[in-house]
Every structure is written in C-alpha cells, then in structure tokens.
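Structure record follows, encoded as structure tokens.
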Amino acid sequence: GVSCTGHGEYFIRNVVAYSHAFHGYYFFAHQNVAAAKRALSSINALHGLSYSIWLEASLSLLQGDASDACSRASILLNQVVNAGHKYSSASPVAAATLLEALYEMNDFDMIEALAEDYLPLIRETCLPDQIIIAHRVVARVHTLRKQHAQALHVLNLLQDLGDARGIPRFSSAARLDRIWMASLAGD
C-alpha cells in the first residue's frame, strides 16, 4: 500500500490508480481513485478531480459500462463548466472522456458537437492517451458518416501533433485508423 497525506495525496493516488488500471488490478485502481476523489473534493480541486473521474470513467469503459462512464464524464463536464472553467485544462479532460463514452454508446451527434468545442483544447492540454482517443473517435464518426475528407483531416492533425511533439504513438494511431478507413472502403 501507499501511504499518502496532505493535499498532494490526490496526485499520488491518481498515479497509483493509473498504474493499477494499466496492470489490470481494477479493484486497487478503484480504491485509489476513491481516495483521490476524497482528497480533491475536500479542497474543491476541479482540475485534479477531472483526472480522477477520467480514471474512474476509463475503468468503467474497460469493464464494459459505457453508460456509467458517460454519466460520470457528463457530470464532471457540467460541474467544470458551471464553475466557470469551460476553457481551462479541466474541461478538455472531461470532454475527451465523454467523447469516448459517447462513441461506445453510438451517440454521433453529441460527439460532433462536443468535438467542435473541445478538440483543439484536447490537443493542447490533455494527456497523450486522451488526445489519441479523442482524435480517433472523431475521425471514426466522420468515417462512419461517409465524411472521409474530414476524417483524414482529423487524423492528419493527430499525426502532425505527434511529429511536432516527438510522440510516435500519435502517428501510429493515425496510421492505424487510416488502415481501418481503407478496410471499410474495401481498399
């Protein structure tokens, strides 16, 4: 176990939760997310809380509960926006999480509206996993709606961002989705 005290506890608990989730130890991940949320709620730290809820929603998605993930991300996004932080670093985290959950629920209209508002902020402020997922989701919605030029544009943005930041995973993700698009088109 990890012993954490003080306001820095949320950071450590979020990192430990992420590590547990990555290794498939979901029970321990949930325990650490709950501890992080307690610490963050006690000091009303929406920015840090956004990462706890992202982890919590990601765990729900990993366990096949898109509805729970969608609910958690929606509540967080509304909370952040209502607190006057619509264009802070907290709202893109919530939006990226919500995009993924909405994709699992096939709510393409909501994805397009959310992406229009938040995709540029997601590119600038989120973690690599969130950036990749958000771009892939938006590109896939465009592809499924036969908007191939828009899908390619989103994937090119992801690849260019990876090249600019030196993050090869971005380019790899963009290439994988281009392959997915081609296979759908019978190419």
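Is there a residue being in contact (Cβ under 8 Å) with a residue 40 or more places away in the chain, touching a Lys or Arg at 6+ places or on another chain (Cβ under 9 Å) and not aliphatic (A, V, I, L, M) anywhere in the range 2-13?
Residues of the range 2-13 that are in contact (Cβ under 8 Å) with a residue 40 or more places away in the chain, as a first pass: 10.
Filter again for touching a Lys or Arg at 6+ places or on another chain (Cβ under 9 Å), leaving 10.
Subset that is not aliphatic (A, V, I, L, M): 10.
Taking every residue of the range 2-13 in turn, at least one turns out to be in contact (Cβ under 8 Å) with a residue 40 or more places away in the chain, touching a Lys or Arg at 6+ places or on another chain (Cβ under 9 Å) and not aliphatic (A, V, I, L, M).
Within the range 33-47, the set of residues being touching a residue at least 12 places away in the same chain (Cβ under 8 Å) and open to solvent by 10 Å² or more (accessible area, probe 1.4 Å) comprises K37, A39, I43, A45, L46, H47.
All conditions but one from (1) among the hydroxyl-bearing types (S, T, Y); (2) open to solvent by 20 Å² or more (accessible area, probe 1.4 Å); (3) at pLDDT 85 or above; (4) under 19 Å from the mean Cα position of the chain (by Cα) apply to Y25; the one that does not is (4). Screening S89 with (1) crowded, with 19+ Cβ neighbours inside 10 Å; (2) touching a Ser or Thr at 6+ places or on another chain (Cβ under 7 Å); (3) not β-branched (V, I, T) gives one miss only, at (1). Only one of these is under 30 Å from D187 (Cα atoms), in contact with a helix residue (DSSP H, G or I) (Cβ under 6 Å, 6 or more places away or on another chain), open to solvent by 10 Å² or more (accessible area, probe 1.4 Å) and among the hydrophobic types (A, V, I, L, M, F, W, C): I111, I133. Name it. Only one candidate qualifies: I133. Taking the criterion of being part of a loop (DSSP other than H, G, I, E, B), in contact (Cβ under 8 Å) with a residue 24 or more places away in the chain and closer than 17 Å to D117 by Cβ, the residues of the range 56-89 that qualify are A83, H85, Y87, S88, S89. Tell me, which residue of the range 158-184 that is in contact (Cβ under 8 Å) with a residue 24 or more places away in the chain and among the small types (G, A, S) is surrounded by the fewest Cβ atoms within 10 Å (Cβ to Cβ)? Among those residues, the one meeting the criterion is A173.
Listed by first and then second residue, the pairs linking a residue in the range 120-136 that is within 19 Å of A101 (Cβ to Cβ) to a residue that is aromatic (F, W, Y) and open to solvent by 40 Å² or more (accessible area, probe 1.4 Å), with Cβ atoms under 8 Å apart and 6 or more places separating them unless they lie on different chains, are L121/Y87. Of the numbered criteria (1) within 21 Å of A66 (Cα to Cα); (2) over 16 Å from the mean Cα position of the chain (by Cα), the one K146 fails is (1). Just give me the residues in the range 56-66 being of a type in the set (A, V, I, L, M) and buried (at least 24 other Cβ atoms within 10 Å of the Cβ), in sequence order. If the condition is that a residue be of a type in the set (A, V, I, L, M) and buried (at least 24 other Cβ atoms within 10 Å of the Cβ), then A57 is the only one that fits. Could you please find all residues in the range 1-22 being open to solvent by 70 Å² or more (accessible area, probe 1.4 Å) and modelled with pLDDT under 70? Within the range 1-22, G1, S3, T5, H7 meet the criteria.
The values are calculated or read from the model by the stated rules, or taken from the named source; none is laboratory data. Please read all numbers here as calculations on a predicted model, not as lab measurements. Because the Cβ atoms are built from the backbone with ideal geometry, glycine has one as well, and the counts that use them run over all protein chains shown. Ligands, DNA and RNA are stripped out before the accessible areas are found, and what is left, the full protein with its side chains, is counted by its heavy atoms. Shrake-Rupley method; radii C 1.70, N 1.55, O 1.52, S 1.80 Å.
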